[in-house]
Amino acid sequence: MRRLAVGLVLLLALVAGLFQLSRAPCFQLVGDLVCRVETDQRVVALSFDDGPTAQGVDAVLAELEPRGLKATFFLIGNDMEQHPQQARRLTEAGMELGNHTYSHRTMLLHTPGFYAEEVTRADALLDVAGRTGPKLFRPPYGKRLLGLPQAVDAAGYTTVTWDVADNVGAHPTPRAYADDILSRVRPGSIVLMHPMYRGNGVEREALALVLDGLAARGLRVVTVGELLALRGASD
């Protein structure tokens, strides 16, 4: 009985450890992963997850385009199927598109074939939307262990996470939301925001405050691809 109890404790510890590893933002066992870039240049990569939706694309482009800024959008395949014109709007505006899987299901405990299909189905839709530049992938909820990174690597993608993520639903006002992001950002950061869905009103309204705050700190907004090009470079 004691051996059984010890074995159960060890199994639970292993499961807990694997769960923590699955969502570690700056480490994975297979393939290229980037959560930030160490650089002396005062730049920050701005990224948006999910969609595309008309509501989200309208709100984000309304803030980025007048400022002459470009950012990276990690899009979901089935949303691109439903709203192909919104994905094309992003590429036509010069934005960078990344792969956020086809279904946005949690990418744990599936077969190799499932992971490969999730990546390649979204990949094909990104090509239809006119995606250019590096092949960038972001796992839903940041979770991955072995199977997903192997499929991502085989498809020629770099996995991109973040070092500054928004806390959706945690802030009552756009100002509080923006202040939280701005308190954590630094040169070389990859910032994650969620503006796409009906419940993301605070996130959409906060974007202008985030952009103004970055500019006030002397931080220039770039795409993830532009930031990755600085790896190993210095001023």
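The values are calculated or read from the model by the stated rules, or taken from the named source; none is laboratory data. Computed from a predicted structure; not experimentally measured. Glycine also receives a Cβ, built like all others from the backbone with ideal geometry; neighbour counts cover every protein chain displayed. Heavy atoms of the whole protein, side chains included, go into the accessibility calculation; ligands, DNA and RNA do not. Shrake-Rupley method; radii C 1.70, N 1.55, O 1.52, S 1.80 Å.
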Practice problem: Kindly express, to the nearest 10 degrees and within the range 0 to 90, the angle between helix 112-128's C-alpha long axis and the longest C-alpha principal axis of the chain. | Solution: 10 degrees
Quiz prompt | Degrees between helix 2-22 axis and first principal axis of the chain (Cα, 0 to 90, nearest 10) | solution = 20 degrees
Quiz prompt | Gained length - residue 78 relative to residue 124, 0.36 nm times residue gap less alpha-carbon distance | solution = 15.4 nm
Quiz item: What figure in square angstrom, to the nearest 10, would you give for the accessible area of residue 26 with a 1.4 Å probe?
Solution: 80 Å²
Quiz item: Taking the Cα-to-Cβ direction at residue 170 and at residue 231 and moving 7 Å from each Cα, how far apart do the two end points lie in nm?
Solution: 2.7 nm
Quiz item: Once you put a point 7 Å from the Cα of residue 92 and another 7 Å from the Cα of residue 198, both along the Cβ direction, what distance in nm separates them?
Solution: 2.7 nm
Quiz item: Got the relative contact order for the stretch 1-229 handy, in percent, Cα pairs under 8 Å and 6 or more residues apart?
Solution: 31 percent
Quiz item: Which value, in debye to the nearest 20, describes the size of the charge dipole of the chain about its Cα centre when Lys and Arg Cβ atoms bear +1, Asp and Glu Cβ atoms bear -1, and nothing else is charged?
Solution: 680 debye
Quiz prompt | Percent antiparallel among DSSP beta bridges (both partners in the chain, rounded to 5) | solution = 5 percent
Self-check item: Between helix 201-216 and the chain: long-axis angle, C-alpha atoms, 0 to 90°, nearest 10
Solution: 70 degrees
